[in-house]
Each structure stands twice: as C-alpha cells, then as structure tokens.
1. Please indicate, with yes or no, whether at least one residue in region 35-48 is at negative phi and touching a strand residue (DSSP E or B) at 6+ places or on another chain (Cβ under 9 Å).
2. Those residues that are over 23 Å from the mean Cα position of the chain (by Cα) and surrounded by 16 or more Cβ atoms within 10 Å (Cβ to Cβ), I need them from region 66-111; list them, please.
3. Might you check whether a residue that is closer than 30 Å to Phe15 by Cα, touching a residue at least 24 places away in the same chain (Cβ under 8 Å) and aliphatic (A, V, I, L, M) occurs anywhere in region 57-70?
4. Exactly one of these conditions fails for Ser46: (1) more than 17 Å from the chain's Cα centre (by Cα); (2) among the polar types (S, T, N, Q); (3) surrounded by fewer than 11 Cβ atoms within 10 Å (Cβ to Cβ). Give me its number.
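Here, each number is a calculation from the coordinates, and none is a lab measurement. Note that the structure is a prediction, hence the values are computed from the model and not measured. Cβ coordinates were reconstructed from backbone atoms using ideal geometry, including for glycine residues, and neighbour counts include every protein chain displayed.
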Amino acid sequence: MDITTLMFRVVYIPFVDAHLKVGKESYAGPPATIISQQSDKIIDVSRYGDNLYGLVNRVGNKELYIDQVIDFASELYELGDYTDDNYVFNKSRICYLQRFYKSALRLYEKL
C-alpha cells in the first residue's frame, strides 16, 4: 500500500457540550448577548461559569485601575474585597521588588 494514496478524516466529538446562560444582577435594560469561547482543551465548567458571571456583572459598570507601592504583604488587598464606596477588587498583579511590593489592581463598581 502506497502512503500517498491513503486518505482519512478525523472528527472531534466533545464529551460534554455545555451551554451556560448567566444574567446580570439588577439589570433592567434591553436583552444583550456576550459570546465567550473557551480555548483550553480541558475546561472546569464551574470555574468558567464563575468567570463568565464576573464578566457579565462588570459590563456597563465603572472600572478603576490603581497602582500602589506598599511595604508589607499584610497591606495587600484580596480579590473580592469591597471598598467603602462599593467597588470590588477583581484582578491584581503583585511584584515583590527587593524591599517593597508593587501592586496593580482593577476594581469595578458593584451596583
């Protein structure tokens, strides 16, 4: 048998075909859709649902970006912490630079 005349087709059929529907809290506007495709080969549906829920609830809200320099790790904010004016920390990047921490935070307004 000559290998150049051999033809085949590969079809991928996923084990789970998951469709998630997530709504925004206290939303009274017109219906809208966000398409979010997961590109990983292995997906934790629960974690993906949590990330999608966070994305949907951030849409249309004010976002703040804060860079800060602090001396002690105990002064760092945790993800999910609230500020006094109703903002929630939802993303952070922290670098330790010799004797201090540099932190870049993203907050969104919780309506």
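1. Of all residues in region 35-48, those at negative phi come to 35-48.
This time we only want the ones that are touching a strand residue (DSSP E or B) at 6+ places or on another chain (Cβ under 9 Å), so: none.
Within region 35-48, not a single residue is at negative phi and touching a strand residue (DSSP E or B) at 6+ places or on another chain (Cβ under 9 Å).
2. Tyr101
3. So far as region 57-70 goes, no, none of its residues is closer than 30 Å to Phe15 by Cα, touching a residue at least 24 places away in the same chain (Cβ under 8 Å) and aliphatic (A, V, I, L, M).
4. Failed condition: (1).
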